[in-house]
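Novice: Sharing a structure, written as structure tokens. Questions coming.
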Amino acid sequence: MNRLFTPFTAGDLQLSNRMVMAPLTRGRTGPDRIPNDLMIEYYRQRATAGLIISEATIISEQAAGWINTPGLYNEEQVRGWKRVTDAVHAAGGKIIVQLWHMGRSSHVPELDNNFAAGRMDRVGDPFPSLHLLLVVETRGIDPTGRLLGDDCGFAND
């Protein structure tokens with residue numbers, strides 16, 4: 001029998017086979033960044049992989065750098081991802097989340113407040129100017145003080 005189709009243990013994860021679906025940036029959530037029915041069906045259809053790594057999922061509003069990427073920084077997004085993980089689990093699959101922050105390349109139009117991590121003006125900088133955050137200015141920004149992914153059903157055992 002081909003080893004590709006045999007069970008495998010990756011850390012604490014017991015996988016049904018050795019196939020891992022690589023993350024793909026899909027950009028299908030809409031501006032609210034809430035996982036939707038299209039995403040549920042997409043991931044459910046791929047549940048036979050030993051492990052699915054989700055598309056890049058931003059961790060805060062300031063992490064945005066791509067239009068319509070899913071988020072994981074508010075309760076509505078958690079509920080959306082829970083629907084996705086429930087569908088994958090019901091189909092016998094396992095899924096983990098790829099957390100994402102665009103950092104210096106955050107895209108200004110995707111940021112409501114024009115803040116991005118570590119951005120400064122430089123000569124020849126191809127990115128638009130953003131305001132570099134001072135520590136005192138970060139008080140109103142939610143950096144996801146807890147890992148919301150724990151509430152979504154992503155594989156962790």
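The values are calculated or read from the model by the stated rules, or taken from the named source; none is laboratory data. Because the structure is a prediction, the values reported are computed rather than measured. Using ideal geometry, Cβ is built from the backbone for each residue, glycine included, and neighbour counts are taken over all protein chains shown.
Novice: Which is under 19 Å from the mean Cα position of the chain (by Cα) and modelled with pLDDT under 95, of Ser105, Ser129?
Specialist: Residue meeting the stated conditions: Ser105.
Novice: To continue, here is another question. Among the acidic types (Asp, Glu) and at pLDDT 90 or above: which single residue out of Glu76, Glu137, Glu110 fits that description?
Specialist: Selected residue: Glu76, the only one of Glu76, Glu137, Glu110 that is among the acidic types (Asp, Glu) and at pLDDT 90 or above.
Novice: What number goes with the only condition from (1) under 16 Å from the mean Cα position of the chain (by Cα); (2) modelled with pLDDT of 95 or more; (3) of a type outside the set (Gly, Ala, Ser) that Gln45 does not pass?
Specialist: Looking at each condition in turn, Gln45 falls short on (1).
Novice: Follow-up. So which residues in region 10-22 are at pLDDT 90 or above and either more than 21 Å from Gln98 (Cβ to Cβ) or in a loop (DSSP other than H, G, I, E, B) (or both), if there are any at all?
Specialist: If the condition is that a residue be at pLDDT 90 or above and either more than 21 Å from Gln98 (Cβ to Cβ) or in a loop (DSSP other than H, G, I, E, B) (or both), then Ser16, Asn17, Arg18, Met19, Ala22 are the ones that fit.
Novice: Kindly evaluate Leu38 against the criterion of being surrounded by fewer than 20 Cβ atoms within 10 Å (Cβ to Cβ), outside any strand (DSSP E or B) and at pLDDT below 95.
Specialist: no
Novice: Related question: Scan region 62-82 for residues that are under 14 Å from Asp32 (Cβ atoms), of a type outside the set (A, V, I, L, M, F, W, C) and crowded, with 18+ Cβ neighbours inside 10 Å and jot them down.
Specialist: Thr69, Pro70, Gly71, Tyr73, Gln77, Gly80
Novice: Those residues that are of a type in the set (Val, Ile, Thr) and under 14 Å from the mean Cα position of the chain (by Cα), I need them from region 20-39; list them, please. Let's see the steps before the verdict.
Specialist: Taking region 20-39 as the starting set, the residues that turn out to be of a type in the set (Val, Ile, Thr) are 20, 25, 29, 34.
Scanning region 20-39 gives Thr25, Thr29, Ile34.
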